[in-house]
1. Report yes if some residue within the stretch 190-200 is within 23 Å of S54 (Cβ to Cβ) and modelled with pLDDT of 85 or more; otherwise report no.
2. Contact list please: Cβ distance under 8 Å, first residue in the stretch 489-500 and in contact (Cβ under 8 Å) with a residue 40 or more places away in the chain and more than 14 Å from Y447 (Cα to Cα), second residue open to solvent by 60 Å² or more (accessible area, probe 1.4 Å) and of a type outside the set (G, A, S), pairs at least six apart or on different chains.
3. Give Y148, Y138 a once-over and let me know the one that is assigned to a loop (DSSP other than H, G, I, E, B), among the aromatic types (F, W, Y) and either surrounded by fewer than 24 Cβ atoms within 10 Å (Cβ to Cβ) or at pLDDT 75 or above (or both).
4. Quick one: which strands (runs of 3 or more DSSP E) sit completely within the stretch 457-513 and have at least 2 residues that are surrounded by 14 or more Cβ atoms within 10 Å (Cβ to Cβ) and β-branched (V, I, T)?
5. Restricting the stretch 435-451 to residues that are among the charged types (D, E, K, R) and open to solvent by 50 Å² or more (accessible area, probe 1.4 Å), which is farthest from the chain's Cα centre (by Cα)?
6. Of everything in the stretch 98-110, what is open to solvent by less than 20 Å² (accessible area, probe 1.4 Å) and over 12 Å from N57 (Cα atoms)? Give them in sequence order.
7. Residue by residue through the stretch 151-187, note down the ones that are closer than 21 Å to N104 by Cα, at pLDDT 80 or above and open to solvent by 10 Å² or more (accessible area, probe 1.4 Å).
8. Can you name every residue in the stretch 266-318 that is small (G, A, S) and under 26 Å from N155 (Cβ atoms)?
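The values are calculated or read from the model by the stated rules, or taken from the named source; none is laboratory data. Just so we're clear, the structure is a prediction, and the values are computed from it rather than from any experiment. Every residue, glycine as well, gets a Cβ built from its backbone with ideal geometry; the counts of neighbours run over all protein chains shown. Surface areas here come from the heavy atoms of the whole protein model, side chains and all, with no ligands, DNA or RNA. Shrake-Rupley method; radii C 1.70, N 1.55, O 1.52, S 1.80 Å.
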Amino acid sequence: MRNKNIAKAFLSVMTVSAVMTSFKVLDVNADDNNQSNNSSVDVSNTNNVSVISSELNSQNFFDKLGPLAQRIANKNDLYPSLLLAQAAIESAYGQSSLTQSSNNLFGIKATNGQGINTPTTEFSNGNSYTTNSTFSTYPDLLSSLQGYADFLNNNIRYSNVHRSMAPTVEQAAINIQADGYATDPAYSNKLISFINQNNLKTYDSGSIPSNNNQDNNTQNNINTQNNNSNQSQPEQPTQPATRPEQPKKENITKYVGSDGKETFKLSNKYRTYKLYNHVKGTTRNIRSYGWNKSLNSSKKVFVDCLGIRNYGKNESKWYRIRLSEHSKKKYWVYSKALEMPKVNYIKENKEVTVNTNTHSNVYNHVYNSPYLSKKVKENKDLVDDSYHTSAKAIIDNDGVRTEWYRIYIPGTGNAWIKSKDLSNITRHKEFKNNYNNKSGYAYLNNYGKYRLYNDMPGSSKRAKITNWDDVKVPSNYLITYDKSGVKGKDNTNWYRINLNNKNYWIASGALKF
């Protein structure tokens with residue numbers, strides 16, 4: 001978690017030196033994984049890049065930083081209004097000592113121990129306390145804005161703060177607090193109120209509002225928020241402003257986020273589809289990318305978002321993927337480029353007993369299914385031992401079968417739990433593969449529809465796939481085999497064949513005897 005400083009604002013007539021020696025902080029908390037202290041920023045065609053912190057005050061803050069915030073936010077799929085609101089509140093319109101000394105608008109903490117050490121206020125169980133933390137330093141304010149964007153991009157937990165995930169800035173503000181960014185219980189309400197009071201949503205539409213009509217009491221908004229931060233009861237939620245009715249579009253895309261650790265395999269035909277910076281056919285500027293030549297269809301990719309695109313009566317599913325677990329680059333791809341695990345749902349009404357001594361999680365949907373899922377609780381946090389089920393799901397992920405049960409948790413709703421975490425159910429019968437020493441010759445026949453494995457699927461969780469592009473097929477399609485087998489799960493016949501002096505297992509349908 002990161003702790004952020006929100007300085008109590010002072011009147012703009014006060015000197016910078018006075019501000020640097022007397023300010024009150026309000027805690028903001030965020031995760032610091034993968035956060036660098038300095039960010040490389042493309043400043044081409046960006047106005048006001050040379051803005052320095054000593055120039056900022058409550059009267060010119062949005063005029064100075066508005067264009068920069070719009071550019072950074074739009075490049076990173078964020079709401080400019082939310083970025084500006086957080087920057088203004090947490091830096092006291094740029095007057096906090098941290099901003100003045102380090103160009104740090106958001107209180108981003110240093111991860112390498114190098115930076116400026118200063119006191120900060122944190123919240124725990126509704127109570128505040130003061131501690132010292134080391135915060136990042138930036139060469140300029142643009143780098144600070146980009147550092148904030150990098151922080152959100154690099155931490156999967158904040159994926160639902162992006163515009164592609166949150167339908168309104170109000171929802172993005174609610175999400176960023178719910179994801180653990182702030183310990184102040186009224187943080188999202190303060191952000192929403194501040195955005196509406198200062199007409200910041202105008203920045204989201206692409207235009208830059210004038211500050212001529214800005215209320216002279218705007219500076220006091222931060223004072224009021226800070227003074228109320230230690231109250232026992234959080235502020236009442238501010239009603240989100242009603243967005244003007246937009247003309248109906250033929251393309252409507254629904255987004256479903258996940259924890260970002262689920263994996264799918266690339267399908268045999270993944271190269272026939274392109275990678276995109278967003279769901280193809282949406283109103284954003286769409287760019288396409290090619291696949292890395294070193295990839296193959298056995299490659300697992302990490303998935304963190306599902307996009308459902310409706311075009312007239314047609315529906316298509318898109319997924320946002322990362323090619324490696326810690327990659328910062330994300331791409332959208334059509335669902336047929338991925339191999340989806342198969343899930344079979346069955347109605348199942350029974351009472352089950354949960355083992356709360358495990359370190360497993362309970363999810364809002366079957367983990368690693370095409371619907372994607374998010375953790376809703378840990379098993380150890382479940383209050384009751386017994387629950388009622390309403391459904392059972394059997395997921396087959398490349399031959400590995402797992403059973404899940406849907407239970408109802410009071411106060412949470414329906415959630416899915418693994419059968420292995422239940423103590424009073426009958427587990428599914430394990431089907432074993434049978435092997436025989438049988439050798440001979442056969443011809444490859446319509447083999448492109450079948451996959452090459454290093455072992456019969458279901459025999460090992462480590463069964464790997466080899467792409468046909470990576471082997472040399474004999475010109476006469478004649479091959480030898482030295483073993484046969486029956487796959488226990490479905491009683492299908494398999495053969496171990498030899499290609500290029502390497503052994504592979506393939507279903508009998510790919511062979512003609």
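1. yes
2. Here the result reads K489/R401; K489/F431, each pair linking the stretch 489-500 to a residue that is open to solvent by 60 Å² or more (accessible area, probe 1.4 Å) and of a type outside the set (G, A, S).
3. Y138
4. 478-487, 492-499
5. K438
6. Of everything in the stretch 98-110, those that are open to solvent by less than 20 Å² (accessible area, probe 1.4 Å) and over 12 Å from N57 (Cα atoms) turn out to be L98, S102, N104, L105, F106, G107, I108, A110.
7. N153, Q177
8. Passing the criteria: only G307.
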